Amino acid sequence: MNFNSGVFLAFLPAVTAAYWLLPHGGRKYWLLAASYFFYMYSNPALILLLLASTAVDYCCGRGIERFRGRQGVMRLFLLVSVCVNLGLLFTFKYFDFFAETVNGLCAAAGLPYRVPELGLILPVGISFYTFQTMSYTIDVYRGDFPAEKDVVSFALYVTYFPQLVAGPIESPQSLLPQLKAEHRPAWDDFTAGIRLLLCGFFRKCVVADFCGIYVNAVFSAVEEANSLAICCAGGLFCIQMYCDFAGYSEIAAGSARLMGVRLMRNFDRPYLAQSYTEFFRRWHISLNRWFTSYVYIPLGGGRQGTARKLLNILIVFTLCGLWHGARWTYVLWGLYAAFWLCVESLLDVKSRFGPAWDCPLGRLARRSMMFLIFIPAALLFRAESVGQLGVIFRRLFTGWGFGSAYLQAALDQLGLTTPALFQLVLCLVSMAKLYAWGRYDLPAAKTDSQSAARLCSCVYLTAVIALCWLALLQTQDAAIFAYFQF
């Protein structure tokens, strides 16, 4: 079920209302049933994978707890959990990619061997819920969290619908106790939830989808695009991806907050970062924490010398690229990110250049540089194949020109008319209020002056949404969230 659909706009109020009407003992059953319905809405058969992952990790967690102190048995249960989850992920997401790669190498070498492709449908959100269930089993093995005895509560932790298909990837320490707690209706939760929902829908349905129109126009005919059009499309795609996924995360957080549950902030204004390292502390925070906790630190982190640290960064971001999808362009994206992180680590950018540039102009220069560095990463991420990527970078180096005719050609390739350019600028300027207005921890207004100020802010935001949404409806239908494919 898509968040930006009429079905969800009816589903969420119904689930929330019933949640508060039910006694505490019945709420977890209601939320579990609602979460299964949410996931089964598009393809009911895929629920079998979710049930399998839930059953395996529940049993493995209980097994680890039962045989605490017997390292061999504990490792066996952990190995079963990791193998089943990664096995399902590999089979449905990567097997055909692996088969295609092996077949291509065999054909190039003149070998007759062929690996049959399965042609399986990619289950929505499989990368998210497999990582979340594995984090539970690993934490139980480490002794960081006790095994959950209540199978319904554990199943709800795995399938909780606001963050089921695109995160954030919540730790059991954060989410499970909240799902089991007895919540009481609170005005702060309702107002914060509604604000987050409005901000999330604005980011997705207005800014992301509006930018997507012009990005798609260039990438649908990239062979004909000039360098300026490709650079602009890359910049707009940076904004599109941020608003698409941050918008989803805010809608998820707002939906959960209506029922008293607080999800983590998954994005923290990443384009204000002054280094690539800081950027990844602000971008998809839950995924980066997962790789840090369960891959980077176990590999040794930065404790075993510079060479080992750089190797660990390379491994982590190669895996991070593959996590996003079975495509070589994602691997190249991961390698590109690893390259800049390794450069910053070697140069120790913060200590070398931080004090000298610690002024408003210096911070602006560093932030602008980071955004420019991220545009090639966005092009790597957006390209549908290595072949298209080659065309994009060839056009970047050969498609430059000068004069009004060149500028007009770039605008035509983007599809930016004067009214559309005005609407796009309005959308981007309106984003300035979203972070403060959609703060996760903002309390309810306590005074009349604060209430009036927030009412004005609400009217402002609603008016901007209405104007931009009406313009958007004239150009394209609602698009699904991009991270649903991961």
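The values are calculated or read from the model by the stated rules, or taken from the named source; none is laboratory data. This structure is a prediction, so every number in the text was calculated from the model and none was measured. Note: ideal-geometry Cβ built from the backbone for every residue, glycine included; neighbour counts use all protein chains shown. All accessible areas refer to the heavy atoms of the entire protein, side chains included, with ligands and DNA or RNA removed. Shrake-Rupley method; radii C 1.70, N 1.55, O 1.52, S 1.80 Å.
Rg(Cα) of the stretch 49-105 divided by 2.2 N^0.38 Å? Relative to the 2.2 N^0.38 Å estimate, the stretch 49-105 comes out at 1.48. In the stretch 365-428, the ratio of gyration radius to Kirkwood radius, Rg to Rh, stands at 1.02 when only Cα atoms are counted. Which FRET efficiency value, to the nearest 0.05, is calculated for Ile194 and Thr101 with the Förster distance at 41 angstrom and r the Cβ-Cβ distance? It comes out at approximately 0.30. Taking the Cα atoms of the stretch 145-272, the ratio Rg/Rh between the radius of gyration and the Kirkwood radius comes to 1.13. Looking at the chain, identify the longest residue range that excludes and avoids all GluC sites (Glu not before Pro) in DSSP loops having at most 15 other Cβ atoms within 10 Å. Value returned for the longest uninterrupted segment is 183-383.
Starting from the eigenvalues of the Cα gyration tensor, five times each then square-rooted, give me the equivalent ellipsoid semi-axes of the stretch 105-205, largest first, whole Å.
38, 23, 11
The 3J(HN,Hα) values that the Karplus relation (6.51, -1.76, 1.60; θ = phi - 60°) gives for the stretch 205-221 are, in residue order, 6, 9, 6, 5, 5, 5, 4, x, 4, 7, 5, 5, 4, 6, 6, 6, 9 Hz. Gly and Pro appear as x. How many percent of Cα pairs in the chain exceed 30 Å? Value for the chain: 53 percent of Cα pairs lie more than 30 Å apart. Remark on the stretch 212-314: ratio of C-alpha radius of gyration to 2.2 N^0.38 Å is 1.42. Taking all protein chains together and a 1.4 Å probe, the residues His183, His324 rank His183, His324 from largest to smallest accessible area.
How do Leu319, Leu46 rank by accessible surface area computed with a 1.4 Å probe, from largest to smallest?
The residues order as Leu319, Leu46, largest area first.
Take the Kirkwood radius over Cα pairs of the stretch 289-332, plug it into Stokes-Einstein at 10 °C and 1.306 mPa s, and you get 148 µm²/s for translational diffusion. In units of the rule-of-thumb radius 2.2 N^0.38 Å, the stretch 298-398 shows an alpha carbon radius of gyration of 1.26. By accessible area, using a 1.4 Å probe on protein heavy atoms only, the stretch 36-139 has 71% of its surface on carbon and sulfur. With q set to 0.10, 0.16, 0.23 Å⁻¹, the log10 of I(q)/I(0) for the stretch 1-119, from the Debye formula over equal scatterers at the Cα positions, is -0.58, -0.96, -1.17. Evaluated with a Cβ-only charge set (Lys, Arg +1; Asp, Glu -1), the stretch 116-177 carries a dipole of roughly 40 debye about its Cα centre, given to the nearest 20. Solvent-accessible surface of the chain, averaged per residue with a 1.4 angstrom probe and all protein chains in place: 45 square angstrom.
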